[in-house]
């Protein structure tokens, strides 16, 4: 359990932030959070909502940033009542958002200029995986800073990995999401093949996951495909879009051959172009079905 009354700040209490907050609250932490709107669920869970990023820093020494975009991150740091002006040497800022590595390093420089310390903690896993403590956290930064944050991060998930200096975690996250796209499309191919072979899709989802063909993404997405349950989406195409671009840029920079990603990526791009952005990426099976022979 957490030290009694220990407070954790959380900026970004959306689709991923809510299960993060839930796990922290269940572990005994007091959680103070900020989001511009839709704070009701966070409050209902037991969190305390405040009116600005600066207010979070005034109540918590360890602050988690769980934001969807570079623009949102920049606004939280430097916007009206932004966090930068409230930071000091007592603070640790844990960046959980996935952005370009150069952007993350620039943001870290701004934070450390205040005297605060930084840690990178990329979450690999869907919101349901976070809720069930089955996600992984990839940490980048100094080990002494990680040790300060370790009880907090291990309350989110026991699967915590230190990968080296600040900036290393985002590289591993992009590799993980690179595979996520490939594995989801592979799951869709298998589910479509099973249905066309005359099997109940729910049976395919259950049986394949128990054998050699199972994977983390098959376990998450195949049941959604079997149930045709694509909305509300735990992982929509709109969210995956930036990972496709960042993953491609990283592979190109490293000179990697990408035969499977190059085959998978166009399917997700096509889903976005077809207006499926708000659906879960499991809906890629609809494109596989459409391309199959009648």
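Looking across the stretch 49-62, the residues that are crowded, with 19+ Cβ neighbours inside 10 Å and either free of Cβ contacts under 8 Å to residues at least 12 places away in the same chain or farther than 11 Å from residue 81 by Cβ (or both) come down to 60, 62. Residues that are touching a strand residue (DSSP E or B) at 6+ places or on another chain (Cβ under 6 Å) and touching a residue at least 24 places away in the same chain (Cβ under 8 Å) do occur in the stretch 262-278. Within the stretch 118-134, identify whether any single residue is out of contact with any helix residue (DSSP H, G or I) (no Cβ under 7 Å at 6 or more places or on another chain), in the same structural domain as residue 14 (by TED's automatic domain parsing) and more than 30 Å from residue 251 (Cβ to Cβ), and answer yes or no. Looking through the stretch 118-134, at least one residue is out of contact with any helix residue (DSSP H, G or I) (no Cβ under 7 Å at 6 or more places or on another chain), in the same structural domain as residue 14 (by TED's automatic domain parsing) and more than 30 Å from residue 251 (Cβ to Cβ). Annotation: residue 262 fulfils all but one of (1) part of a helix (DSSP H, G or I); (2) in contact with a helix residue (DSSP H, G or I) (Cβ under 8 Å, 6 or more places away or on another chain); the unmet one is (2). Residue pairs whose Cβ atoms lie under 6 Å apart, separated by 6 or more positions or on different chains, with the first residue in the stretch 80-103 and part of a loop (DSSP other than H, G, I, E, B) and the second surrounded by fewer than 15 Cβ atoms within 10 Å (Cβ to Cβ), are 88/115; 89/115. The residues in the stretch 268-284 that are surrounded by fewer than 18 Cβ atoms within 10 Å (Cβ to Cβ) and in a helix (DSSP H, G or I) can be counted, and the count is 4.
Condition check ((1) at pLDDT below 95; (2) under 23 Å from residue 251 (Cβ atoms); (3) in contact with a helix residue (DSSP H, G or I) (Cβ under 6 Å, 6 or more places away or on another chain); (4) surrounded by 17 or more Cβ atoms within 10 Å (Cβ to Cβ)) across all residues:
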{"residue": "145", "(1), (2), (3), (4)": "no, no, no, yes"}
{"residue": "149", "(1), (2), (3), (4)": "no, no, no, yes"}
{"residue": "160", "(1), (2), (3), (4)": "no, no, yes, no"}
{"residue": "163", "(1), (2), (3), (4)": "no, yes, yes, yes"}
{"residue": "184", "(1), (2), (3), (4)": "no, yes, yes, yes"}
{"residue": "188", "(1), (2), (3), (4)": "no, yes, yes, yes"}
{"residue": "193", "(1), (2), (3), (4)": "no, no, no, no"}
{"residue": "198", "(1), (2), (3), (4)": "no, no, no, no"}
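Just one of the listed residues (287, 240, 224, 246) is touching a strand residue (DSSP E or B) at 6+ places or on another chain (Cβ under 7 Å) and part of a helix (DSSP H, G or I), and it is 224. All of 216, 169, 139 fail the test of being crowded, with 21+ Cβ neighbours inside 10 Å and within 30 Å of residue 278 (Cβ to Cβ), apart from 169. Scanning the stretch 210-219 for residues that are in a helix (DSSP H, G or I) and touching a helix residue (DSSP H, G or I) at 6+ places or on another chain (Cβ under 7 Å) gives 217, 218, 219.
The values are calculated or read from the model by the stated rules, or taken from the named source; none is laboratory data. From a predicted model like this one, the values you see are computed outputs, not experimental measurements. Cβ sites come from the backbone with ideal geometry, for glycine too, and all protein chains shown count toward neighbours.
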